[in-house]
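To start, the structure itself, in structure tokens.
The values are calculated or read from the model by the stated rules, or taken from the named source; none is laboratory data. These numbers come from a predicted model, not from an experiment. As a convention, Cβ positions derive from the backbone with ideal geometry for all residues, glycine included, and neighbour counts pool all protein chains shown.
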Amino acid sequence: MSLGERLRGLLDLTRPGNTVAAALLTATGVFVAAPDAIVGGQPEVLAAVASTACATAAGNAVNDYFDHEIDRINRPDRAIPRGAVSPGGALAFSVALFLAAVVAAVVLPPLAIAIAVTNLLALVAYTKLFKGLPGVGNAVVAYLTGSTFLFGAAAVGNPRDVVVLFLLAAVATFTREVVKDVEDVDGDREEGLRTLPIVVGERRALRIGVAAMAIAILASPLPYVYGTLGLAYLALVVPADALMLGAAVQSFDNPAAGQRRLKLGMFLAAVAFIVGRATAALP
């Protein structure tokens, strides 16, 4: 195998799209909490974004290491099953990325460091301890996604203003993870995993996801109600809520399409917070 193919395999391990998205979510958390920190280019912002990118890439790589056998069934195109990277190479790569994430995070405030340490431990433990537990693995991934906003806000000392954004992102991710488990149910059952759809049934698992999404949507107007964000936020978060709830319901008939629309709804919700904070900062 050529060097180019091996380098492509290492890049694929990081899931570049997810890694960049996680870094942008952290930057969003920074902006919502303290817009001036982004504009002023505070070093904590770069450190937080870099730490998130490295930790996310490391978590994706170590997940592929632990999952390479089941990926031969569910994801044969991934780097290890197709032979671009060896399992040992993927593990060493993930360790290097985890170390880079730690180095980037050490300059941050104590709360941000605590979130970073918690997330690193959760990333390492996810596949071996949590992934096969009904609902628990979904909740861990949901927390990790939502916590990117909290981490960015904590890096600039103001996590309170992103709590609702954390909740929305976490619950939307939980629902999306349940939908993904429904898609992967055949491979997961063969591997002996006890995911939520396997334990309670596919439709019941999807109902749980819809119920969780509905609870988060009910909380989404709170930044407007309490005056933290203005009308521009509400004008965008309402269609984002509708899109995510509709996507969750659509998953009963078409899990793949529902999953894509959930991701789009999460993006629109993040935009609502950005626009809400930007307009609130105007004189």
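In this structure, Arg189 does satisfy being surrounded by fewer than 16 Cβ atoms within 10 Å (Cβ to Cβ) and part of a helix (DSSP H, G or I).
Please work out which residue is surrounded by the fewest Cβ atoms within 10 Å (Cβ to Cβ), limiting yourself to the stretch 214-237 and to residues that are under 13 Å from Leu268 (Cα atoms), of a type outside the set (Ser, Thr, Tyr) and in contact with a Pro (Cβ under 8 Å, 6 or more places away or on another chain). Here the residue is Leu234. When restricted to residues that are outside any helix (DSSP H, G or I) and exposed (fewer than 15 other Cβ atoms within 10 Å of the Cβ), the stretch 94-108 contains 1.
Against the conditions (1) closer than 29 Å to Leu268 by Cα; (2) at pLDDT 90 or above, Pro159 satisfies every one except (2). If you filter the stretch 192-211 down to residues that are among the aliphatic types (A, V, I, L, M) and farther than 22 Å from Leu129 by Cβ, you find that the one that is surrounded by the fewest Cβ atoms within 10 Å (Cβ to Cβ) is Ala211.
In the stretch 30-46, the condition of being modelled with pLDDT of 90 or more, of a type outside the set (Phe, Trp, Tyr) and closer than 25 Å to Ala125 by Cα is met by no residue. In the set (1) crowded, with 22+ Cβ neighbours inside 10 Å; (2) closer than 22 Å to Gly146 by Cα, the condition left unmet by Gly17 is number (1). Scanning the stretch 68-97 for residues that are among the charged types (D, E, K, R) and in contact with a helix residue (DSSP H, G or I) (Cβ under 6 Å, 6 or more places away or on another chain) gives a single hit, Arg78. Kindly provide the set of residues from the stretch 143-170 that are among the small types (Gly, Ala, Ser), in contact with an Asp or Glu (Cβ under 9 Å, 6 or more places away or on another chain) and surrounded by 23 or more Cβ atoms within 10 Å (Cβ to Cβ), ordered by number. Ala153, Ala155 - these are the residues of the stretch 143-170 that are among the small types (Gly, Ala, Ser), in contact with an Asp or Glu (Cβ under 9 Å, 6 or more places away or on another chain) and surrounded by 23 or more Cβ atoms within 10 Å (Cβ to Cβ). Listed by first and then second residue, the pairs with beta-carbon distance under 7 Å, at least 6 apart or on different chains, first residue in the stretch 232-252 and within 22 Å of Ala278 (Cβ to Cβ), second of a type in the set (Lys, Arg) and surrounded by fewer than 24 Cβ atoms within 10 Å (Cβ to Cβ), are Leu243/Arg261.
Do we have Leu120 as farther than 18 Å from Gly9 by Cβ, touching a helix residue (DSSP H, G or I) at 6+ places or on another chain (Cβ under 9 Å) and surrounded by fewer than 17 Cβ atoms within 10 Å (Cβ to Cβ) here?
no
The single residue among Phe174, Phe166 that is closer than 20 Å to Ala256 by Cα, modelled with pLDDT of 90 or more and assigned to a helix (DSSP H, G or I) turns out to be Phe174. For the stretch 69-79, what are the residues that are over 21 Å from the mean Cα position of the chain (by Cα) and without any contact (Cβ under 8 Å) to a residue 24 or more places away in the chain? Residues satisfying the conditions are Arg72, Pro76, Asp77. Quick check on the stretch 251-268. Is at least one of its residues under 28 Å from Asp36 (Cα atoms), part of a helix (DSSP H, G or I) and small (Gly, Ala, Ser)? The answer is yes; a qualifying residue exists. Just one of (1) in contact (Cβ under 8 Å) with a residue 24 or more places away in the chain; (2) crowded, with 17+ Cβ neighbours inside 10 Å; (3) touching an Asp or Glu at 6+ places or on another chain (Cβ under 8 Å) fails for Ala55. It is (3).
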